[in-house]
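A quick write-up on the structure given underneath.
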């Protein structure tokens, strides 16, 4: 009789261990092709990263509530201004935020490059990103070259060097 009482607990434990919600495996590894994704942008357009050769990519995962995300914007704009004509695409992806707040964040900061909202943080999880801000650098061959976790506001020399590495 005691084993029957423990059965619901064992089922709950097994369900928790195997995961009852959709599982997304981290696919991002430095030196490997960047994981593919399609993102609906705030302007209604769609952007796709498909792992194929093309422009380099600087992708920043941000949240409106995050002070470090907010502080990183001026350097991201400066980086875009300096490199925008050199075969590189800049993209901001909103994570861990209500979609409406992220869209307002994009408007408030007058971003000069595309931005899109990561529904349920699926793209971020695929890249192994747990917190904003995080910036991902993908070279023109589609290879993931660097992931920087954190505020880049005081990293101008490093960040510009990282962009030059992927061009």
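Points to keep in mind about this one:
- Only one of the numbered conditions (1) assigned to a helix (DSSP H, G or I); (2) modelled with pLDDT of 95 or more is not met by residue 11, and that is (2).
- Strands (runs of 3 or more DSSP E) enclosed by segment 61-167 - at least 1 residues per element that are within 21 Å of residue 41 (Cα to Cα) and free of Cβ contacts under 8 Å to residues at least 40 places away in the same chain: 88-94
- Only listed residue being within 13 Å of the chain's Cα centre (by Cα) and closer than 19 Å to residue 160 by Cα, chosen from 111, 91, 49, 76: 91
The values are calculated or read from the model by the stated rules, or taken from the named source; none is laboratory data. In this text, all values refer to a predicted model and were calculated from it rather than measured experimentally. Glycine gets a Cβ as well: all are built from the backbone with ideal geometry, and neighbour counts include every protein chain shown.
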